[in-house]
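Engineer: Attaching a single structure in structure tokens format; questions to follow.
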Amino acid sequence: MKSSGQPQRRKPLNPGKGLAPGKPIQRKTPMPRGAGPVASVPAPRKRQAPKDPDAIGAALPQDVRQARVLLSGGLCDWCGRPITGPYSIHHRLPGRMGGRRNKHRLAALALLDGTGTTGCHGLLESSRTLALGAGFLIPDGAAVPAPELYPMFLHQVRWVLVTPEGFADSAPLAA
Ligand SMILES: [Zn+2]
């Protein structure tokens, strides 16, 4: 094998878009604390969302979600603090019974910080007693199943009914 001098590269080395010198690597999202690899893997979706928007399990339409955030003025309905991080829309009506037809009405929803397992949403999901007592959960057998007529303990300071225009003062939920 004859060779003279340095072998020629056909292509120059690609400098690429590597790390800029002097610039530290930054994570876009913080590392989860205390969450093991198993817990961080999302559960697989068991089935496609049904086409009927009122069907149990149907996704909340984006326009309804935005309208509900606006109605609450961007404040968590439970703690009253401005939402700056993750938030979610809580369903006051459970999936069965009245929940099927009414579940996506504004009054059937609550704006809460956190997810179903964190923040105020996690708190209310973890305590059925708390959610029921504050009107954030409307039981299937409620005497007044219409969510517009079912008071909610807004910000834990005032009882309100949720109307399309906003919150209206209400008598407390009968114990
Ligand atoms: Zn909150």
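The values are calculated or read from the model by the stated rules, or taken from the named source; none is laboratory data. Every value quoted in this text rests on a predicted model; they were computed, and no experiment measured them. When we count neighbours, we look across all protein chains shown, and the Cβ atoms used for this are built from the backbone with ideal geometry, even at glycine.
Engineer: Consider the stretch 162-173. How many of its residues are among the hydrophobic types (A, V, I, L, M, F, W, C) and closer than 19 Å to Gln66 by Cα?
Structural biologist: So the answer is 2.
Engineer: Mind checking whether some residue in the stretch 140-147 is modelled with pLDDT of 85 or more, surrounded by 22 or more Cβ atoms within 10 Å (Cβ to Cβ), within 14 Å of the ligand (Cβ to nearest atom) and not in a strand (DSSP E or B)?
Structural biologist: Checked against the condition, which is being modelled with pLDDT of 85 or more, surrounded by 22 or more Cβ atoms within 10 Å (Cβ to Cβ), within 14 Å of the ligand (Cβ to nearest atom) and not in a strand (DSSP E or B), the stretch 140-147 yields no hits at all.
Engineer: Residues of the stretch 63-96 being assigned to a loop (DSSP other than H, G, I, E, B), crowded, with 18+ Cβ neighbours inside 10 Å, within 13 Å of the ligand (Cβ to nearest atom) and not acidic (Asp, Glu), which ones?
Structural biologist: Ser72, Cys76, Trp78, Ile83
Engineer: Would you mention how many residues in the stretch 148-163 are crowded, with 18+ Cβ neighbours inside 10 Å and part of a strand (DSSP E or B)? Explain how you work it out, then say what you get.
Structural biologist: Taking the stretch 148-163 and keeping what is crowded, with 18+ Cβ neighbours inside 10 Å, we get 150-154, 160-162.
Filter once more, keeping what is part of a strand (DSSP E or B): 152-154, 160-162.
Residues that pass the stated criteria total 6.
Engineer: Within the stretch 113-137, restricting attention to residues that are more than 12 Å from the ligand (Cβ to nearest atom) and assigned to a helix (DSSP H, G or I), which residue is nearest to Trp159 (Cα to Cα)?
Structural biologist: Here the residue is Gly133.
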